[in-house]
Amino acid sequence: MKFVSTNVLRLSCLAALQAAASANSTLDVRATITPFTPSPSLDPDTLVPPTFSGYVPVIVDVAPKFTYGWDSALSVWFAKLGPANLAFMYFADDVVDPTQIIVGVFVKGGDDDFLWGSYLLDQPRQFAAEWDAAPVTDVLYTIAQNFLQ
Amino acid sequence: MIPGNAILNAIAEALAADPSTIAPLLNPPKLGLVKTAFVPGPNLAITDYTLADFVTSTPIGAIAGAQNSGINPVTLERIVEMKIPAGGWRWVVTSTTNLPQTIYGAVLYDNGGTTVYGAVLFNAPILLDAVGQVCEVDAVQFAFLINGIQ
C-alpha cells in the first residue's frame, strides 16, 4: 500500500540531497552546445562543451552546495545550487566562432561523477564576439509538494 | 533542472537508511491501526487520529535499521518500503472487547509516538465485530512521484 508521507520524510529527502551534494568536493556547472532533451537518463558524456576561449565550467565548492526550502508562493519545495548570491556567467574572452551556441547547462558531481541535473536555456545564447556572455541563474530543482507519496 | 537517475536513486536510498526517521538502529517506527476517520497528508499529526484499541491491536514495530528501496518495474516509481516484520503487518481479533470497531487505515509513526511519517486509508473502512477477523496491511511503501523533481 502506498502511504502518504508527512513533511518529516519529505524534508529528510531534501536533507539527503544536500548531504550528497556536500559529499562532493565540487559540483561543476557545465554548458553545452549540443542540442539535448533533459532526462534522468541523459548521458552527459554526449554533451559537447563550448570551445571558445574563456569558457570554463563554474565550480561550486562552497558549503552548502544546495539550499532547500518551501516556496509558499508556488507551493513547491525547491533545492537551489550554491549560496543565495551566487551568480554564474559564461563569457568569451576572445574572438569566437559564431557557431558556438550554448543551448543548455548540466551539473556533474566532482567526485561521484553523477549527472546532478540538466536543463535547457530559455533562449540559446550565441557567442559571436568577445565578451559575449551568458548569465546562468537559478540552477535549481523544483519539487512537487507531494513528490514523496 | 531534471535530475539524473543516480541522484533520484541516491535520494531514495538515503531515505530508506535515514536513522533519524524510518531507519533507526534502535527503537524502530511502529505501524498502528486507526479507528477514527482521518485524512492522510503532509501535516498529519498524532493528535489527528485515534489508534485502534481492540485487544490485539497493539501497533507492530518495524525492523530496525535500513529499509528497502528500489524501482517499481511497472510504474518506474522509486519506492521506499518498510521491511516486513515477522508475522507481517497483521492483526487478528482474539476478543470481543471493544468491538465492534471500524478501522479506517494505518499510520506509521516514530517509536516514541510523537511524529507521524505516513498514513494510508483503506479502500473501505473495515468493520471488526467478531473473533477471528483479520486486518492486514500488505506493504508500507512510499513512492516518489514520477517527474516530481524537475
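The residue list A:26, A:46 contains one member that is free of Cβ contacts under 8 Å to residues at least 40 places away in the same chain and more than 9 Å from chain B (Cβ to nearest Cβ), which is A:46.
Within the stretch B:94-106, the residues that satisfy the criterion of being more than 14 Å from chain A (Cβ to nearest Cβ) and either assigned to a strand (DSSP E or B) or surrounded by 21 or more Cβ atoms within 10 Å (Cβ to Cβ) (or both) are B:101, B:102. Looking at B:36, B:56 in this structure, which one is among the hydroxyl-bearing types (Ser, Thr, Tyr), more than 26 Å from residue A:43 (Cα to Cα), in contact (Cβ under 8 Å) with a residue 60 or more places away in the chain and touching a strand residue (DSSP E or B) at 6+ places or on another chain (Cβ under 8 Å)? None of the others qualify; the one that does is B:36.
For the stretch B:83-93, the criterion of being touching a Phe, Trp or Tyr at 6+ places or on another chain (Cβ under 8 Å) and surrounded by fewer than 19 Cβ atoms within 10 Å (Cβ to Cβ) is met by no residue. If we scan the stretch A:42-58, do we find a residue that is closer than 19 Å to residue A:137 by Cα and assigned to a strand (DSSP E or B)? Checking the stretch A:42-58: at least one residue is closer than 19 Å to residue A:137 by Cα and assigned to a strand (DSSP E or B).
For (1) under 30 Å from residue A:68 (Cα atoms); (2) touching an Asp or Glu at 6+ places or on another chain (Cβ under 9 Å); (3) assigned to a loop (DSSP other than H, G, I, E, B), each residue gets a yes or a no:
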| position | (1), (2), (3) |
| --- | --- |
| B:108 | yes, no, no |
| B:114 | yes, no, yes |
| B:118 | yes, no, no |
| B:126 | no, no, no |
| B:143 | yes, yes, no |
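Tell me, yes or no, whether the stretch A:82-90 has at least one residue that is farther than 29 Å from residue A:8 by Cα, touching an Asp or Glu at 6+ places or on another chain (Cβ under 6 Å) and part of a loop (DSSP other than H, G, I, E, B). So far as the stretch A:82-90 goes, no, none of its residues is farther than 29 Å from residue A:8 by Cα, touching an Asp or Glu at 6+ places or on another chain (Cβ under 6 Å) and part of a loop (DSSP other than H, G, I, E, B). For the stretch B:108-150, a residue qualifies if it is at the interface with chain A (Cβ under 7 Å from one of its Cβ atoms) and more than 27 Å from residue B:73 (Cα to Cα), and the qualifying residues are B:115, B:116.
For every residue, the table says whether it meets (1) surrounded by 16 or more Cβ atoms within 10 Å (Cβ to Cβ); (2) part of a loop (DSSP other than H, G, I, E, B); (3) away from every other protein chain (no Cβ under 12 Å).
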| residue | (1), (2), (3) |
| --- | --- |
| B:8 | yes, no, no |
| B:31 | yes, no, no |
| B:43 | no, yes, no |
| B:63 | no, yes, yes |
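Rule-based calculations on the coordinates, nothing more; no lab input. Predicted model only: the values in this text are computed from it and were never measured. For neighbour counting, all protein chains shown are included, and Cβ atoms are generated from backbone atoms with ideal geometry for every residue, glycine included.
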